[in-house]
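Asks: The structure under discussion is supplied below as structure tokens; questions concerning it will follow.
The values are calculated or read from the model by the stated rules, or taken from the named source; none is laboratory data. All of these numbers come straight from a predicted model, not from anything done at the bench. All Cβ positions, glycine included, derive from the backbone under ideal geometry; neighbour counts span all protein chains shown. Protein only, heavy atoms only, side chains kept; ligands, DNA and RNA dropped before computing areas. Shrake-Rupley method; radii C 1.70, N 1.55, O 1.52, S 1.80 Å.
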Amino acid sequence: MDELFAGVLAGDRTALGRAITLVESTRPDDRRHAQELLSALLPHAGGAHRVGISGVPGSGKSTLIDTLGLRLTGTGHRVGVLAVDPSSAITGGSILGDKTRMAGLAADENAFIRPSPSAGTLGGVTSTTPNAITVLEAAGYDVVLVETVGVGQSEAAVHASVDCLCVLALAGAGDELQAVKRGLLELADVLAVNKADGDNEQAARLAAAEFRRALPLLAPTSEESPVPVLTVSAATGAGVDELWDRIADHRRTLEASGALARRRAQGRLAWMQMLLERRLLEQFESQPGLTDRRAELEQAVQQAQLTPEAAINQLLSSP
């Protein structure tokens, strides 16, 4: 553990990969070692600018991160990327293919890209994303970009992990109407309409105008208002510098008002609550005899002899 700790602080890429694998592990012995490592790394973390990149599938998140990441490393930043890939509800597996769409950044010595499976965690990220951020920050990465799975309106746990949530939208996808509904868009700190190039450029500008009219109907998530809305093209790079400027402005606003510390504190509590619920479920399911009793009740539910709620009540009251 001492060797791994030293390797992470030194920025050794092999040690960094091993450390993230450790903190993502669900094995009980790995969890103990992971907490030991994280406790040692915590005083060396916390200094990075944490940015979430979210949006519907196909909105160009990976391509944008590749383009933006290269701009950042070109100006002296060290960029860590956590790319969360959806896990299959049938097999439990993940393709982990986001890195292939970040070919330029993957070859950059000042960048580190880590694909991770969502493993059934809702909210666009994994249950260990905050731990992986701590490892990257301790290794000296001053910008951490978290690419979520293709999320919908209700999946917003990523907001508790980052300082700024940038939501990508597309013209003609119906997102303009969704802007007046509660959900992911009301958590956006910056909103960018992507693929604003070629024949789609005008449509993207019109979509951005619709967003600017709709978003004021939602309560702002932080001190600054209104949420900046702009158009970008991850493919050509148009608007990417302005996007980073808006993200940097958001960070400065949070720091000046003291909201950054409050947001991070609230995020830590949100993750604590989520982990508590997960651990309580694990402890409950590990009780002796529970598996057989659960199987009996599941069969009764399948045969319409019990409602799911009645079955749960009996399961919870089992000695």
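Asks: Looking at the structure I just gave you, is residue 224 open to solvent by less than 40 Å² (accessible area, probe 1.4 Å), over 19 Å from the mean Cα position of the chain (by Cα), modelled with pLDDT under 95 and acidic (Asp, Glu)? Even if it seems obvious, please write down each step before you answer.
Replies: On the way: open to solvent by less than 40 Å² (accessible area, probe 1.4 Å): yes; over 19 Å from the mean Cα position of the chain (by Cα): yes; modelled with pLDDT under 95: yes; acidic (Asp, Glu): yes.
Criteria met by residue 224.
Asks: Continuing with the same structure: Collect the residues in segment 80-102 that are modelled with pLDDT of 90 or more and out of contact with any strand residue (DSSP E or B) (no Cβ under 9 Å at 6 or more places or on another chain), keeping them in residue-number order.
Replies: none
Asks: Restricting segment 103-130 to residues that are part of a loop (DSSP other than H, G, I, E, B) and at pLDDT 90 or above, which is least open to solvent (accessible area, probe 1.4 Å)?
Replies: Going residue by residue through segment 103-130, those that are part of a loop (DSSP other than H, G, I, E, B) are 107-110, 118-128.
Among the residues that remain, those that are also at pLDDT 90 or above are: 107-110.
Values: 107: 84, 108: 33, 109: 158, 110: 67 Å².
Across segment 103-130, the extreme among qualifying residues is 108.
Asks: Which residues, counting only those in segment 277-319, are charged (D, E, K, R) and either in contact (Cβ under 8 Å) with a residue 24 or more places away in the chain or closer than 25 Å to residue 26 by Cα (or both)? Quick ask: steps written out before the conclusion?
Replies: Kept after step one, since they are charged (D, E, K, R), are these residues of segment 277-319: 277-279, 282, 285, 292-294, 296, 298, 309.
Within segment 277-319, 277, 278, 279, 282, 285, 292, 293, 294 qualify.
Asks: Out of (1) among the polar types (S, T, N, Q); (2) in contact with a strand residue (DSSP E or B) (Cβ under 8 Å, 6 or more places away or on another chain); (3) modelled with pLDDT of 90 or more, what's the single condition that is false for residue 161?
Replies: It fails just one condition, (3).
Asks: When you go through (1) within 30 Å of residue 42 (Cβ to Cβ); (2) open to solvent by 80 Å² or more (accessible area, probe 1.4 Å) one by one for residue 288, which number turns out not to apply?
Replies: Residue 288 satisfies every listed condition except (1).
Asks: Among the residues in segment 199-210, are any open to solvent by 40 Å² or more (accessible area, probe 1.4 Å), part of a loop (DSSP other than H, G, I, E, B), within 19 Å of residue 56 (Cα to Cα) and at pLDDT below 95?
Replies: Checked segment 199-210: no residue is open to solvent by 40 Å² or more (accessible area, probe 1.4 Å), part of a loop (DSSP other than H, G, I, E, B), within 19 Å of residue 56 (Cα to Cα) and at pLDDT below 95.
Asks: Can you tell me how many residues in segment 258-273 are surrounded by fewer than 17 Cβ atoms within 10 Å (Cβ to Cβ), hydrophobic (A, V, I, L, M, F, W, C) and modelled with pLDDT under 90?
Replies: 2
Asks: On to the next question. Scan 252, 263, 279 and give me the residue that is closer than 17 Å to residue 161 by Cα and of a type in the set (D, E, K, R). Explain how you work it out, then say what you get.
Replies: Values: 252 fails: closer than 17 Å to residue 161 by Cα; 279 fails: closer than 17 Å to residue 161 by Cα.
So the residue among 252, 263, 279 that is closer than 17 Å to residue 161 by Cα and of a type in the set (D, E, K, R) is 263.
Asks: I'd like to know if segment 300-312 contains one or more residues that are of a type in the set (Gly, Ala, Ser), in a helix (DSSP H, G or I) and exposed (fewer than 11 other Cβ atoms within 10 Å of the Cβ).
Replies: Going residue by residue through segment 300-312, those that are of a type in the set (Gly, Ala, Ser) are 300, 304, 310-311.
Those left that are additionally in a helix (DSSP H, G or I): 300, 310-311.
After this cut, where a residue has to be exposed (fewer than 11 other Cβ atoms within 10 Å of the Cβ) as well, the list is none.
No - not one qualifying residue is present in segment 300-312.
Asks: Restricting attention to segment 42-63, does a residue exist that is assigned to a helix (DSSP H, G or I), aliphatic (A, V, I, L, M) and crowded, with 23+ Cβ neighbours inside 10 Å? It would help to see each step written out before you state the result.
Replies: The initial filter retains those residues of segment 42-63 that are assigned to a helix (DSSP H, G or I), namely 42-44, 61-63.
Adding the requirement that they be aliphatic (A, V, I, L, M) leaves 42.
From what's left, crowded, with 23+ Cβ neighbours inside 10 Å: none.
No, segment 42-63 contains no residue that is assigned to a helix (DSSP H, G or I), aliphatic (A, V, I, L, M) and crowded, with 23+ Cβ neighbours inside 10 Å.
Asks: Go through segment 11-29 and give me each residue that's more than 29 Å from residue 109 (Cβ to Cβ) and either outside any loop (DSSP other than H, G, I, E, B) or under 18 Å from the mean Cα position of the chain (by Cα) (or both).
Replies: Pass one, segment 11-29, residues more than 29 Å from residue 109 (Cβ to Cβ): 26-29.
The answer is 28, 29.
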